[in-house]
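The values are calculated or read from the model by the stated rules, or taken from the named source; none is laboratory data. Since the structure is predicted, the reported quantities are computational estimates derived from the model, not experimental observations. Here the Cβ positions follow ideal geometry from the backbone for every residue, glycine too, while neighbour counts run over all protein chains shown.
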Amino acid sequence: MRIFDPHIHMTSRTTDDYERMYEAGVRAVVEPAFWLGQPRTSPDTFADYFDGLLGWEPYRAAQFGITHHCTIALNPKEANDPRLRPVLDLLPRYLAKDGVVAVGEVGYDDMTPAEDEVLSLQLGLAAEHDLPVLVHTPHRDKAAGTRRTLDVVRESGLPPERVLVDHLNEVTVAMVAESGCWMGFSVYPDTKMDEERMITILKEHGLERVLVNSAADWGRSDPLKTRKVGDAMLASGFSDADVETVLWDNPVAFYAQSGRLELAEPTAGESFAGNSVRRGVPA
């Protein structure tokens with residue numbers, strides 16, 4: 001089984017996770033820029049974080065045979081902090097870089113006026129840089145947040161096929177399917193989606209424009225959830241080709257719109273900027 005996890009926060013995971021992911025069939029990931037938990041107080045910290053997503057993390061993933069790309073944005077939660085508004089001025093510099101395959105995560109957390117403004121500005125940046133967009137839907141009042149997201153996307157003029165609306169569930173999937181946007185589902189222990197609910201959605205709505213991700217981060221999450229969805233699909237009667245469509249072909253098709261997706265087997269360099277994770281590697 002060949003797997004592309006289109007939304008996973010590997011900065012918060014260990015090298016053991018990379019090893020287990022490779023053994024499970026994961027060969028490519030996209031890591032969206034996101035909220036780190038501890039509030040950031042300066043745009044300079046974002047510059048360091050973005051540099052890590054484009055440098056250290058691809059190096060680390062390559063040690064385990066996994067290709068790493070990222071998306072770059074000011075995330076919805078921190079869009080409410082006026083100290084961080086200058087991050088928007090940093091984005092053009094990073095959105096021009098080869099490893100960036102979309103603008104994201106953008107969207108809503110509390111659905112504030114500040115989030116409205118920052119979302120609209122970043123959708124404009126996506127158009128300027130000819131990049132697709134990864135949209136985060138809020139964890140609270142998800143239906144209203146998703147409707148509002150789709151309204152802003154329509155107002156932006158971006159083609160819906162260049163927009164991935166993520167963290168969907170049974171309540172929100174139909175409206176996104178009707179919009180023409182891509183549909184993202186985060187399969188997560190206890191919250192968001194689980195494997196069986198995901199199977200039901202696939203049976204009801206089909207495989208077209210559907211992406212399944214683990215959204216694994218520093219919380220209670222599981223970077224092998226994509227594999228578990230693939231196994232559940234096979235157990236419920238889907239074919240190997242169906243699994244390939246959902247877990248590989250669809251994320252490739254979406255992120256390939258950036259013109260920057262490189263899926264050749266990565267070269268595992270000895271070090272990055274003089275540092276290495278190769279300590280303890282068997283000879």
Exercise for the section: Kindly list the number of the only condition in (1) surrounded by 16 or more Cβ atoms within 10 Å (Cβ to Cβ); (2) basic (Lys, Arg); (3) part of a loop (DSSP other than H, G, I, E, B) that fails for Lys97. Expected result: (1)
Handout entry: Whichever residue in the stretch 122-147 is more than 18 Å from Glu161 (Cα to Cα) and out of contact with any strand residue (DSSP E or B) (no Cβ under 9 Å at 6 or more places or on another chain) and, among such residues, is modelled with the lowest pLDDT
Key = Arg140
Fill in the blank from the handout: Cβ pairs under 6 Å, 6+ apart or interchain, first in the stretch 95-108 and on the phi < 0 side of the Ramachandran plot, second assigned to a loop (DSSP other than H, G, I, E, B) and of a type in the set (S, T, N, Q), ordered by first then second residue, are Glu105/Asn75
Problem - Leading residue by the ranking (surrounded by the fewest Cβ atoms within 10 Å (Cβ to Cβ)) among those in the stretch 258-270 that are of a type in the set (Asp, Glu) and over 12 Å from Val101 (Cβ atoms) - result: Glu270
Exercise for the section: Within the stretch 258-283, track down each residue that is at pLDDT 70 or above and among the hydrophobic types (A, V, I, L, M, F, W, C). Expected result: Leu261, Leu263, Ala264, Ala268, Phe272, Val277
Problem - Single match in Ala47, Ala61, Ala28 (criterion: crowded, with 16+ Cβ neighbours inside 10 Å and part of a helix (DSSP H, G or I)) - result: Ala61
Handout entry: the stretch 155-173, residues that are in a helix (DSSP H, G or I) and surrounded by 14 or more Cβ atoms within 10 Å (Cβ to Cβ)
Key = Ser156, Pro160, Glu161, Arg162, Val173
Problem - Subset of the stretch 219-257 [among the polar types (S, T, N, Q), at pLDDT 95 or above and either crowded, with 21+ Cβ neighbours inside 10 Å or at positive phi (or both)] - result: Thr226, Asn250
